[in-house]
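Remarks on the structure that follows.
The values are calculated or read from the model by the stated rules, or taken from the named source; none is laboratory data. What you see is a predicted model, and the numbers here were worked out from it, not measured in a lab. Neighbour counts run over all protein chains shown; Cβ positions are idealised from the backbone, glycine included. Side chains included, ligands, DNA and RNA excluded: accessible areas come from the protein's heavy atoms. Shrake-Rupley method; radii C 1.70, N 1.55, O 1.52, S 1.80 Å.
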Amino acid sequence: MTRLKVADIKDIEKQLPQYDDELVRKTGTNLRGIACFAVGVGEEEIFHNIAAVPAAVVPITAGQGIITGFSTAVKAILEFIGFKVFVTKLADAAGTAEAFERGSRLIFMADDNRFVALNIKRCLVVDNAAATGKGFAAALELMSGGVAGERVLVLGCGPVGFSVVESIIRFGARVSVYDIVPGYSLALREKIEAQLKTRIKIEKDLKRVLSEVRLIVDATNAAGIIPEEVISPRTYIAAPGMPLGLTPAAVEKIAGRLLHDPLQLGVAAMAIEAIKL
Ligand code: PYL
């Protein structure tokens with residue numbers, strides 16, 4: 001998993017209203033709407049839950065330590081979709097205790113290995129990677145007008161890619177996957193076949209497959225692997241991967257048919273997943 005940089009997250013809070021407008025323009029619904037669609041709940045049924053579950057974000061100093069602005073960005077996203085939330089004054093165990101003591105029942109925390117939401121009352125752990133995959137798969141479904149019966153290429157067979165494949169299969173698409181490490185795509189195919197009894201295709205030639213497909217999810221941490229020449233007027237790309245996999249010319253050409261953000265969709269999907277009944 002790529003560790004976010006301060007530059008990736010410093011403008012999230014102030015740009016949330018315009019990002020929400022962008023989501024409505026591209027997908028027909030807003031950040032909370034996409035998260036609810038991704039998780040499979042109705043916005044009306046979840047609304048009172050959101051208000052009923054006070055949340056907290058706990059900074060974690062483990063590993064490479066705190067990313068300046070990370071906790072405040074997570075708080076801003078949660079507030080934007082309706083949660084009551086605070087960032088604890090303390091970090092780590094003391095911060096977790098502070099969250100409990102100040103009444104929160106939904107605790108968000110991230111170290112270098114996992115970013116999780118803990119629903120205390122329900123003893124539930126929701127993982128950001130899994131939720132991000134669901135969120136971006138749902139966004140592609142909405143933005144493209146539907147993937148059922150279509151071929152979707154998923155780049156990157158890590159935890160986010162796996163979650164994308166699960167969701168995209170559930171939306172009725174035919175899935176091809178590519179990873180620079182063949183073992184990762186093989187492992188993903190085996191897991192999907194065992195769990196969903198569905199065959200997926202492993203692609204070996206990235207250049208060729210990019211020229212063949214028009215629906216792509218970039219869940220890699222590779223920059224610049226999607227060039228301008230593969231973008232057609234019918235190409236749609238959902239890109240949870242950091243850094244963005246499209247070249248600047250490809251970004252220019254795809255215009256309104258690209259969805260990419262460093263935290264917003266994943267955090268929103270995580271939070272809704274953590275409180276759904
Ligand atoms: C959760 C993000 C999404 C992409 N990469 C993941 C990442 O950067 N993980 C590290 C998060 C560290 C947070 C730090 C803090 O400020 O509490 N421990």
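Points to keep in mind about this one:
- Entry comment: accessible area of segment 84-183 is 41 Å² per residue, from protein heavy atoms only and a probe of 1.4 Å.
- Protein accessible area in the chain, 1.4 Å probe - carbon and sulfur %: 56 percent
- Annotation for segment 55-123: trypsin sites (Lys or Arg not before Pro) lying in DSSP loop with at most 16 further Cβ atoms inside 10 Å of their Cβ are K84, K89, R102, R114, K121, R122.
- Across segment 139-211, the relative contact order, built from alpha-carbon pairs under 8 Å that are at least six residues apart, equals 27 percent.
- Estimated inter-spin distance, R234 and E44, nm [label 7 Å along Cα→Cβ]: 3.7 nm
- Base-10 log of normalised Debye intensity for segment 67-153 (one unit scatterer per alpha-carbon) at q = 0.21 Å⁻¹: -1.09
- Acute angle (nearest 10 degrees) that the helix 70-80 long axis makes with the longest principal axis of the chain, alpha-carbon atoms: 90 degrees
- Structure-based [θ]222 nm, the chain - -39500 (n - 2.57) summed over DSSP H runs of at least 4, per residue, nearest 500: -14000 deg cm²/dmol
- Using alpha-carbon coordinates, inclination of helix 92-101 to the longest axis of the chain, degrees: 60 degrees
- Separation of alpha-carbon centers, segment 205-256 and segment 58-112, rounded to whole Å: 33 Å
- Over segment 15-117, Cα pairs under 8 Å with separation of 6+ residues give a relative contact order of 29 percent.
- The calculated FRET efficiency for the pair R122 and A194, based on their C-beta separation and a Förster distance of 35 Å, comes to about 0.85.
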